[in-house]
Amino acid sequence: MLTLSRVSRRYGETTALDGVDFVVPENTYMSLLGASGSGKTTLLRLIAGFEEPDQGEISIDGERIDGQPPHLRDIGFVFQNFALFPHLTVAQNVSYGLRYRANAPVSNENEIKDRTESVLSLVGLSGFGHRAISAISGGQRQRVALARTMICEPRVILLDEPLGALDANLRARMCDELKAIRERLKVSFLHVTGSETEALTMGDKVAVLSGGKIVQSDAPDTLFSHPNNVDAARHLNAWNIFEAGLCGPAMGQGTVAVRFDQIDVSAEGEVPDGRPWLRAKYLTGEFNGPTALSFFRAEDGTLLQVIDHLSQPRLPDMVEGQHYDLHFAPDAARQFHGAA
Amino acid sequence: MTALSTDTPTKPTHSPAELREKQDRRRAMGLLTPGLLWMSLFMVLPMCMVVYVSFWTQTTFAVESTLTTASWERFLSSSTYLSAIGTTLRVWAIVLVATVVVGYPVALFIGLFVRNKTFQTALLVACVIPFWTSFLIRVIAWRPMLGTEGAINVILMKLGIISEPLTFLLFSEFSVLVGMTQIYCVFMVGPITFMLGRIDPSVIEAARDLGASFGTIFRRIILPLSLPGVMVGSIFVSVMVLGEFATAASLSGRKVNLLGNIIVSQVGSLKWAFAAVAGVVLTIIITAVIALALRIVDLRKEM
């Protein structure tokens with residue numbers, strides 16, 4: 001179990017991490033969702049030991065690891081750009097850790113060969129050992145990077161936007177493979193990403209990093225349907241967030257979040273009884289295939305989105321520039337108090 | 001019957017691909033011509049001339065174009081000249097090793113440990129500052145440093161480490177080696193710094209994450225990745241040191257005779273054929289050294 005408590009990191013005037021409390025349980029695929037610049041890479045670099053926290057503690061199974069040099073921490077790090085050794089072959093890259101680590105290096109060539117081959121077959125690259133790094137594709141490099149990290153059997157594997165450098169098709173396939181590989185290895189993965197779909201698909205648990213803090217850490221479905229705060233809701237890219245005052249006195253004070261798919265639209269003044277509503281101007285629609293997004297501008301300028309599934313259309317025909325009433329079931333709204 | 005003609009037009013027109021190819025070839029020729037002209041006029045032609053002249057007949061005051069191998073025989077049978085080859089090779093090897101030993105750590109610091117690009121450039125420029133004075137001044141400046149009354153002897157005597165001035169410091173092979181190392185070191189630092197600067201920092205972090213200590217990372221990752229820089233630096237230093245004569249002339253007190261010094265003195269006494277022999281020998285040595293360097297590191301992979 002990897003535990004971070006009250007971890008802070010500042011660069012001059014800017015605070016990258018501000019008292020992060022975070023737990024990665026044993027044998028878990030943990031996703032860490034954060035916008036670019038939210039400090040996710042900093043968090044990984046602190047865990048791996050490339051940088052040290054200004055405050056706070058990092059420990060694995062109760063043993064403190066902050067302050068230890070990175071090569072003695074026994075933590076795997078898969079880089080976004082893979083960071084393979086360009087002058088070595090695939091097999092030499094993969095066996096690097098076994099051969100040259102300061103702690104218990106393996107010198108038996110047969111053992112190195114066997115373990116290299118078995119980890120290469122685990123990532124689906126049997127028979128690629130003799131290839132040069134420049135002679136394999138992006139997806140294969142990703143696998144070599146993963147194999148190189150896994151062969152040392154680290155206590156936790158950190159993945160820094162591991163799919164960012166791959167094309168969309170490959171990304172979907174690597175998603176499934178990463179999950180399957182992790183289940184076979186039974187080691188915890190901490191996967192950092194800026195994509196909410198990737199985080200929700202991959203994670204057994206998803207944590208949201210915002211403003212230098214972990215704002216929520218939950219199972220993906222819980223996080224998606226019950227974000228605890230505005231920041232978490234905003235990162236999911238599925239919630240309209242607006243001032244309660246826009247709905248009149250019905251919703252009281254504070255900030256309200258309603259999911260894109262739980263808002264209905266009707267002509268002005270035709271809202272069914274008992275449903276809170278707000279008035280907004282229809283801006284434009286966007287057709288995405290199976291779904292269609294409609295954009296509205298509320299009176300205070302907030303942008304609102306309504307999603308419509310083609311199989312079950314529920315929006316009326318709308319004219320750009322006209323005002324409509326957007327309404328939702330009272331229990332569909334999540335209300336947050338405090339600053340948005 | 002009017003059928004649609006399926007014949008291609010018989011008029012000999014060129015396809016766009018052919019035209020493009022022609023244009024590219026013309027451009028390549030245009031870019032190559034000045035260099036080719038220059039090299040053939042001022043390098044290939046004179047080289048052939050040197051080889052030719054080395055077989056001319058040398059008399060005391062003149063040289064005539066009757067072919068003979070006399071100059072070669074005299075050169076290859078004289079222990080003075082053969083030992084000059086030995087001295088040249090020895091000085092070259094020692095200076096090469098010294099520039100690597102002194103230059104590599106400097107390059108390692110500038111290229112790998114200084115991550116600020118501006119500071120990096122400033123440090124590299126600082127390495128070039130000595131070149132703002134003339135070559136001869138830089139060489140001669142070693143005399144007040146190394147001489148019997150020079151700075152080093154005075155300091156060592158004041159500190160009581162030695163009682164007599166050290167005489168091997170100046171007008172010896174040692175002073176030639178020191179002078180050459182100082183002058184040519186920067187040609188080693190530059191290429192190595194460049195190669196080290198190209199190493200992706202995350203590659204080094206990855207090696208560290210895999211459990212390797214800094215020493216291992218240096219041996220297994222940093223050194224192999226910077227070797228092409230060492231090779232390019234070595235080629236620069238080799239070419240310059242092998243053809244050297246000025247440092248030896250002004251710092252050795254005429255005790256160290258390099259092939260370059262022989263050429264200078266033979267040309268000075270109008271022994272053209274003999275100077276040509278030394279020139280050909282020197283050219284063969286330099287060619288061999290460069291061929292060897294290129295064999296050790298495949299520069300094609302680094303371009």
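The values are calculated or read from the model by the stated rules, or taken from the named source; none is laboratory data. As the structure is a computational prediction, the values presented were derived from the model and not from experiment. Virtual Cβ from ideal backbone geometry, glycine too; neighbours counted across all protein chains shown.
Please indicate, with yes or no, whether at least one residue in the stretch A:52-72 is aliphatic (A, V, I, L, M) and in contact with a Pro (Cβ under 7 Å, 6 or more places away or on another chain). Walk me through it before giving the result.
Step one: list which residues in the stretch A:52-72 are aliphatic (A, V, I, L, M), which gives A:58, A:60, A:65, A:72.
Those left that are additionally in contact with a Pro (Cβ under 7 Å, 6 or more places away or on another chain): none.
Within the stretch A:52-72 (the criterion being aliphatic (A, V, I, L, M) and in contact with a Pro (Cβ under 7 Å, 6 or more places away or on another chain)), the answer is no, since none of the residues qualifies.
Could you tell me which of the residues A:Thr42, A:Thr3, A:Thr14 is touching an Asp or Glu at 6+ places or on another chain (Cβ under 9 Å), among the hydroxyl-bearing types (Ser, Thr, Tyr) and away from every other protein chain (no Cβ under 14 Å)?
A:Thr3
Restricting to the stretch B:208-226, give me the number of residues that are within 7 Å of chain A (Cβ to nearest Cβ) and in a helix (DSSP H, G or I). Spell out the reasoning first.
From the stretch B:208-226, those within 7 Å of chain A (Cβ to nearest Cβ) are B:208-213, B:216, B:220-221, B:224-225; that's our starting set.
Next cut, in a helix (DSSP H, G or I) only: B:208-209, B:216, B:220-221, B:224-225.
Number satisfying all stated conditions: 7.
Taking the stretch A:61-90, which residues are away from chain B (no Cβ under 11 Å), surrounded by fewer than 19 Cβ atoms within 10 Å (Cβ to Cβ) and over 25 Å from B:Leu196 (Cα atoms)? Even if it seems obvious, please write down each step before you answer.
Kept after step one, since they are away from chain B (no Cβ under 11 Å), are these residues of the stretch A:61-90: A:61-68, A:89-90.
Still in the list and also surrounded by fewer than 19 Cβ atoms within 10 Å (Cβ to Cβ): A:61-64, A:66-68, A:89.
The answer is A:Asp61, A:Gly62, A:Glu63, A:Arg64, A:Asp66, A:Gly67, A:Gln68.
Look through the stretch A:101-117, keep the residues that are within 9 Å of chain B (Cβ to nearest Cβ) and in contact (Cβ under 8 Å) with a residue 12 or more places away in the chain, and return whichever of them is surrounded by the fewest Cβ atoms within 10 Å (Cβ to Cβ).
Among them, the one singled out is A:Asn103.
Any idea which of A:Ala340, A:Ala333, A:Ala298, A:Ala280 is at pLDDT below 85 and within 17 Å of A:Thr255 (Cβ to Cβ)? So that I can check it myself, show each step before the final result.
Details: A:Ala333 fails: at pLDDT below 85; A:Ala298 fails: at pLDDT below 85; A:Ala280 fails: at pLDDT below 85.
When all the criteria are applied, what remains is A:Ala340.
Output yes when any residue across the stretch A:78-87 is under 15 Å from B:Val203 (Cα atoms), more than 30 Å from the chain's Cα centre (by Cα), of a type outside the set (A, V, I, L, M) and at pLDDT 90 or above, and no when none is.
If we filter the stretch A:78-87 for residues that are under 15 Å from B:Val203 (Cα atoms), which is where we start, we get A:78-87.
Then keep just the ones that are more than 30 Å from the chain's Cα centre (by Cα); that gives A:87.
Filter again for of a type outside the set (A, V, I, L, M), leaving A:87.
Restricting the remaining residues to those that are at pLDDT 90 or above gives A:87.
For the stretch A:78-87, residues under 15 Å from B:Val203 (Cα atoms), more than 30 Å from the chain's Cα centre (by Cα), of a type outside the set (A, V, I, L, M) and at pLDDT 90 or above: present.
Please find, within the stretch B:192-207, the residue that is farthest from the other protein chains (Cβ to nearest Cβ) out of those that are within 22 Å of A:Val106 (Cα to Cα) and surrounded by fewer than 24 Cβ atoms within 10 Å (Cβ to Cβ).
First, the residues of the stretch B:192-207 that are within 22 Å of A:Val106 (Cα to Cα): B:203-207.
Checking which are surrounded by fewer than 24 Cβ atoms within 10 Å (Cβ to Cβ) leaves us with B:203-205.
On the way: B:Val203: 5, B:Ile204: 9, B:Glu205: 5 Å.
Per the stated criteria, the residue is B:Ile204.
Do we have any residue at all in the stretch B:270-286 that's over 19 Å from the mean Cα position of the chain (by Cα), over 30 Å from A:Ala147 (Cβ atoms) and free of Cβ contacts under 8 Å to residues at least 40 places away in the same chain? Steps first, please.
Taking the stretch B:270-286 and keeping what is over 19 Å from the mean Cα position of the chain (by Cα), we get B:270-277.
Within this subset, residues satisfying the condition of being over 30 Å from A:Ala147 (Cβ atoms) are B:270-277.
Of the ones still in play, those that are also free of Cβ contacts under 8 Å to residues at least 40 places away in the same chain are B:275.
Yes; the residues of the stretch B:270-286 include at least one that is over 19 Å from the mean Cα position of the chain (by Cα), over 30 Å from A:Ala147 (Cβ atoms) and free of Cβ contacts under 8 Å to residues at least 40 places away in the same chain.
Which of the residues spanning the stretch A:210-242 are within 24 Å of A:Val23 (Cα to Cα), of a type in the set (S, T, N, Q) and in a strand (DSSP E or B)?
Listed by number, the residues that qualify are A:Ser210, A:Gln216, A:Ser217.
So, A:Glu153, is that one touching a residue at least 12 places away in the same chain (Cβ under 8 Å), surrounded by fewer than 16 Cβ atoms within 10 Å (Cβ to Cβ) and not aliphatic (A, V, I, L, M) or not?
Working: touching a residue at least 12 places away in the same chain (Cβ under 8 Å): yes; surrounded by fewer than 16 Cβ atoms within 10 Å (Cβ to Cβ): yes; not aliphatic (A, V, I, L, M): yes.
So A:Glu153 passes the test.
Kindly indicate the residue of the stretch B:17-63 that is within 34 Å of the chain's Cα centre (by Cα) and of a type in the set (Val, Ile, Thr) and also farthest from B:Phe274 (Cα to Cα) among those meeting that condition.
Per the criteria, the residue is B:Thr33.
Does A:Asp308 satisfy the criteria of being surrounded by fewer than 11 Cβ atoms within 10 Å (Cβ to Cβ) and outside any loop (DSSP other than H, G, I, E, B)? Spell out how you get there, then give the answer.
Working: surrounded by fewer than 11 Cβ atoms within 10 Å (Cβ to Cβ): no; outside any loop (DSSP other than H, G, I, E, B): yes.
No, not satisfied.
Please work out if A:Leu98 is modelled with pLDDT of 90 or more, within 14 Å of chain B (Cβ to nearest Cβ) and either surrounded by fewer than 18 Cβ atoms within 10 Å (Cβ to Cβ) or over 25 Å from A:Thr41 (Cβ atoms) (or both).
On the way: modelled with pLDDT of 90 or more: yes; within 14 Å of chain B (Cβ to nearest Cβ): yes; either surrounded by fewer than 18 Cβ atoms within 10 Å (Cβ to Cβ) or over 25 Å from A:Thr41 (Cβ atoms) (or both): yes.
The answer is yes for A:Leu98.
Search the stretch B:222-270 for residues being farther than 30 Å from B:Pro105 by Cα and among the charged types (D, E, K, R), and hand back the single one that is surrounded by the most Cβ atoms within 10 Å (Cβ to Cβ).
B:Lys255
Look through A:Gly245, A:Gly269 and report the one residue that is part of a loop (DSSP other than H, G, I, E, B) and under 29 Å from A:Pro316 (Cα atoms). Steps first, answer last, please.
Details: A:Gly245 fails: part of a loop (DSSP other than H, G, I, E, B).
Among A:Gly245, A:Gly269, only A:Gly269 is part of a loop (DSSP other than H, G, I, E, B) and under 29 Å from A:Pro316 (Cα atoms).
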